[in-house]
1. Looking at H151, G217, F35, which one has the Cα that reaches farthest to the positive end of the dipole of the chain (charges on Cβ: Lys, Arg +1; Asp, Glu -1)?
2. Kindly sort K276, K270 by accessible area of their heavy atoms, largest first, with the probe set to 1.4 Å.
3. Based on alpha-carbon centroids, what's the gap between the stretch 140-163 and the stretch 52-76 in Å, whole number please?
4. Just from the alpha-carbon atoms, what are the Rg and Dmax of the stretch 105-189 in angstroms?
5. Heavy atoms only, 1.4 Å probe, whole protein assembly: order C25, C379 by accessible area, highest first.
6. Please get the size of the charge dipole for the stretch 168-317, origin at its Cα centre, with Cβ charges of +1 on Lys and Arg and -1 on Asp and Glu, quoted in debye to the nearest 20.
7. With unit charges on the beta carbon (Lys/Arg positive, Asp/Glu negative), name the residue among W110, V360, C379 whose Cα is farthest towards the positive pole of the charge dipole of the chain.
8. Residues of the stretch 334-364 with backbone nitrogen within less than 20 Å of a virtual label 7 Å along the Cα-to-Cβ line of L314, please, listed as ranges.
Amino acid sequence: MSQRKKVLIITYYWPPSGGIGVQRCLKFSKYLREFGWEPIVYTAKNALYPFLDEGNFKDIPDDLTVIKKKIVEPFALYKRLTGRRRDEPMNNPLHVRNRKTSFIENLSVWIRGNFFIPDARALWVRPSVRFLKKYLQHHPVDAILSDGPPHTNTYIATRLSKKTGIPLLADFQDPWTQVDYYQLLKLTKWADRRHKRKEQEVFQTASKITIASPTWGKQLEEIGARNVSTIYWGYDEEDFAHRPQQTDSFFSFTHAGLLGFDRKPETFLKVLSELKKEIDGFGRDLRMRLAGMVDYSVHEEIKAHGLEENTEYLGNVSREKALDLTMNSTILLLPLNKADNVKGRIPGKLFENLRTYRPVLSLGPEGTDVEKLIRQYNCGANFDY
């Protein structure tokens, strides 16, 4: 067999990080060798991940080279200012709130958007580019792959590619300036220009750009991206091959992941409440299992419709637990963001949902990439909120 080419993967999220953000680069690294590429991973040494999942270590290939460099993050200061413990799992105030946002939280969002560009990990850019440039002089690679957000990854890779001439593949889980929460960053005109200028630098530098949905790919091309292709999220058969499937004995809806204020399913909850009143036994059999961070407004909506006794708030769970929940649920709930770019929003969990062969109930407007996939694979139904 011919010698593998080498690719440097730049990613902030890496085990022991939990959540969906770590999965894309982790699975790339797991399977790239089968396609003739040897991955070398560069990641943060002392990252403050929202929550941890030790189970992700099992997917790291044997003898994989992983390079770690210390990162300075503002989240430690943010936790002190907001009275949180350093080891406490932290909601992202752009998505999920424990209560109505405080002055400190609003101020932190403004500072993050205007002074930490492209994002809160921006202080990692210069030392990483400096370190990796020296590293590559003695350990050459054939390509650089970045995955964002955080788009600090993307910008490190862009600067490194420009300095070394090594081709860059810039992968996007979510867009940069077109992402749904960009308008929530309270940007000044100066900061908006800087974000967009750096984004254009990526477009001009990258030899190839990939993104998680076809609609988002077209939207990137509309603002100047070139040579754009779609790399969907997916599922790993090894995660399912030996996992037993036992349908819940009760009627269950399961959602695993962020359930923010922009995904609050008011009408869905109202319908469940009415069914409880109209159908004998429905309330006794109904379960809603919510794994992950849930916005306080969703809690209040559930309470207002008399569904507290039917709802299990499971908090952050391991990936193994999340897969068990989805495998055994009666119906899988998939609420999409109420945002301008929702047509291209394909949650990573959709493809794992498909693999469970459980029906998917998607909430979102007509014409989304999610609705098209659900129709294509006849795996459920989509309804407008």
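1. H151
2. Ranked list, largest accessible area first: K270, K276.
3. 17 Å
4. For the stretch 105-189, the Cα-based Rg and Dmax read 14.5, 45 Å.
5. Descending accessible area places them as C379, C25.
6. Numbers: 20 positive and 25 negative charges, 168 e Å.
With Lys and Arg at +1 and Asp and Glu at -1, about 800 debye.
7. Farthest towards the positive end: W110.
8. 334-336, 347-363
The values are calculated or read from the model by the stated rules, or taken from the named source; none is laboratory data. The model shown is predicted, which means the values in this text are computed figures rather than measured ones. Don't worry about glycine lacking a Cβ; one is built from the backbone with ideal geometry, like all the others, and counts go over all protein chains shown. Surface accessibility is based on the protein's heavy atoms, side chains included, excluding ligands, DNA and RNA. Shrake-Rupley method; radii C 1.70, N 1.55, O 1.52, S 1.80 Å.
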